[in-house]
1. What do you get for Rg/Rh of segment 188-248 when both radii come from the Cα atoms and Rh is the Kirkwood radius?
2. Could you run the Karplus curve 6.51 cos²θ - 1.76 cosθ + 1.60 with θ = phi - 60° over segment 111-116 and give me ³J(HN,Hα) per residue in whole Hz, x for Gly and Pro?
3. Which value, to two decimals, describes the C-alpha radius of gyration of segment 236-277 once divided by 2.2 N^0.38 Å?
4. Report, in degrees rounded to the nearest 10, the 0 to 90 angle that the Cα long axis of helix 74-84 makes with the longest principal axis of the chain.
5. Cut-off 10 angstrom, C-alpha nodes, Gaussian network model of the chain. Which of 134, 149, 253 fluctuates the most?
6. Please list the radius of gyration and Dmax for segment 75-129, considering alpha-carbon atoms only, with Å as the unit.
7. Give the Cα extents of segment 2-153 along the principal axes, in whole Å, largest first.
8. Measure nothing fancy, just the Cα-based angle from helix 21-39's long axis to the longest principal axis of the chain, in degrees from 0 to 90, nearest 10.
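The values are calculated or read from the model by the stated rules, or taken from the named source; none is laboratory data. Bear in mind that the values here come from a model prediction, so they are computed numbers and not experimental data. In this analysis, Cβ positions are derived from the backbone assuming ideal geometry, glycine residues included, and neighbour counts consider all displayed protein chains. Only protein heavy atoms, including side chains, enter the accessible area calculation; ligands, DNA and RNA are left aside. Shrake-Rupley method; radii C 1.70, N 1.55, O 1.52, S 1.80 Å.
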Amino acid sequence: MNRALTDAFSAALPPRQQGEVYHRYVLGLYRTFEVITSSFPHVLFESCASGGGRFDAALLAWCPQAWCSDNSDAFSRTRIQMGTSMWAPVRCMGAHIAACPSHQTHRTHMLKTRFIVALWGTFGLELDLNKLSKQELREMKDLVSLRQKLSKVVLHGEYFRLPGFGYPGASHSNSAGIGDSHVYAWMFVTPEQDRAVVSAIVFHRDTVGKFPSRLKLRGLRPEYHYVLTEHVPTMVEEGVFNGVFQPGGPQFKHRRRLTLTGAVLMEVGIPVHFNFDGDAMLLELQVGSSSTPQESNRVHSLFNGKRHAFASC
């Protein structure tokens, strides 16, 4: 079963009905899963799209989780999951932190980037923990705890692709998964619009001196004040970056805590400066205590009047 059917035919059917064979096979597969899942209702069954291509909408009734692809490379998975999420719920997409270098592409990605891509799905670990150092094990433990904190937003919030984010000359829709791109961005927002999780990743940075356009968010309440918290800093080496000296160690994209309205975040956006190929960013947004009805109405009125006070990042 773990392969695509080729030359499918049946000696039990006449020639004019040979076109029914594949359809009958799929219906039979559904009946098989109905019997198995009814017999073992407390077992979670995962289908495998990479083997037989069985990531179809009907199969989610019996296998609510599907392994998107055997290719678990972070770059490849970004494109795969961007496409899969066009129709499948994020909480159905199997996604793991895989070993490094990748077993499929031999590419090397830092743990932060692999975590951000794996967070965009069911989340799991697909590597040998015995081969990790004590420091790496501590980092992995912290990332698992962070995932537990953000999982309610990611798995049950509304999912948005974020178009219009990229280097000069890029198509508006590229960062949202339409066409080829080296920069992608997406986010999740709770039904109450009081929390959000934002992710962005770069495959290949553009020419030195060029920066991506501001990242404009979606799905927020324009009048709410959101406190931005950046998770998982990027580890960088001490040296000169774009002509400016930067100290080594963990570095955040934004050096200070930001509180911005939903209107500013959606209409103006926030700057994101990637440090190197494969860099990524993870933000958590929470409504601040200043989002009272009176304050929200005042900010909303100012925004409608085109009188903005933008905080520099």
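1. Working: Rg = 15.9 Å, Rh = 15.0 Å.
Result for segment 188-248 is an Rg/Rh of 1.06.
2. Taking θ as phi minus 60°, the curve returns 4, 4, 5, 5, 5, 4 Hz for segment 111-116.
3. Values: Rg = 13.4 Å, N = 42, 2.2 N^0.38 = 9.1 Å.
That ratio works out to 1.47.
4. 70 degrees
5. Result: 134 has the largest fluctuation of those listed.
6. Taking only Cα atoms of segment 75-129, I get Rg and Dmax of 11.0, 33 Å.
7. Projected onto the principal axes, the Cα atoms of segment 2-153 cover 64, 34, 30 Å.
8. Here the helix axis deviates by roughly 80 degrees.
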